[in-house]
Amino acid sequence: TYRSHEHHLNVLNGEIGQEFKDALLKAKNLKVFAFFPRGPRYMTSNKPIRSVEDVKGLKLRVPPVPVYIEAWKSLGANVTPIDYSELYMALKQGVVEGQENPLATIDALKLSSVQKYLIETKHHLLAFTMSMDNDRFQKLTPTQQKAIEEAANEAADLEYQLMLENEDALKAKLQEEGMELIQIADIAAFRDPVVKRLPEVFKDKWAPNLWDRIQAVE
């Protein structure tokens, strides 16, 4: 969906991000102050993945989330939804051959002990939200509300810088633990089939023209 970290932030901090905040407020009564970008998702595998052809037929664990499942189906993977708690053993026992997650998750689960290759696809960008119950927020004084909002924005800026620094450190750590880093030469070959298929698959679930609006953001 997003072309880069900068594109991701411009979407989140712009009109579309505000619409997301408004929707959460309406649906869940959550006051969203800021977005905290996560690191991009990488693939790991026990066979080298250098092209889309290498993905075809790969027994790949993905979260049991429709958009993840359909995205990897678009590339020909043998998609196997497995809960997070079962991921390590599924890889160790060979139930699946690979998976995809941010580097922080790959490190936390010690996947370097059960996966040989770290593939730098950076295929998906997500963000956490800093938020609180809106009823509680409205009970605060204007001065307190302003202080929280300013602190949230400062924290978001710091988190973004720390996330970028952490990415480099984690990539180096995983390689030191024995994983071989593979950088994809033709990332468009991974992106294009997904971009072509997903808007059609989810046209009845996504907001009208949302995909196109995201792509139009500079």
Which numbered condition Gln18 fails, given (1) in a helix (DSSP H, G or I); (2) surrounded by 14 or more Cβ atoms within 10 Å (Cβ to Cβ): (2)
So Ser51, is it within 24 Å of Gln175 (Cα to Cα) and surrounded by fewer than 20 Cβ atoms within 10 Å (Cβ to Cβ): yes
Number of positions in the stretch 124-172 that are under 21 Å from Ser4 (Cα atoms) and of a type in the set (Phe, Trp, Tyr): 2
Qualifying positions in the stretch 202-218 - of a type in the set (S, T, N, Q) and within 10 Å of Val11 (Cβ to Cβ): Gln215
Residue list for the stretch 176-211, filter: without any contact (Cβ under 8 Å) to a residue 60 or more places away in the chain and either under 16 Å from Lys122 (Cβ atoms) or open to solvent by less than 50 Å² (accessible area, probe 1.4 Å) (or both): Ala188, Asp192, Val195, Pro199
In the stretch 96-150, the residues that are open to solvent by less than 50 Å² (accessible area, probe 1.4 Å), part of a helix (DSSP H, G or I), touching a residue at least 60 places away in the same chain (Cβ under 8 Å) and not aliphatic (A, V, I, L, M): Asp107, Ser112, Asn134, Phe137
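When only residues in the stretch 186-218 that are outside any helix (DSSP H, G or I) and modelled with pLDDT of 90 or more count, which is farthest from Lys110 (Cα to Cα)?
Checking each candidate, the answer is Val217.
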Some residue of the stretch 166-174 being open to solvent by 80 Å² or more (accessible area, probe 1.4 Å) and under 24 Å from Glu70 (Cα atoms): no
From the options Ala90, Ala71, residue that is part of a helix (DSSP H, G or I) and touching a helix residue (DSSP H, G or I) at 6+ places or on another chain (Cβ under 7 Å): Ala71
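The values are calculated or read from the model by the stated rules, or taken from the named source; none is laboratory data. Just so it is clear, the model here is predicted, and its values are computed rather than measured. In this analysis, Cβ positions are derived from the backbone assuming ideal geometry, glycine residues included, and neighbour counts consider all displayed protein chains. We work out accessible area using only protein heavy atoms, side chains counted, and drop any ligands, DNA or RNA first. Shrake-Rupley method; radii C 1.70, N 1.55, O 1.52, S 1.80 Å.
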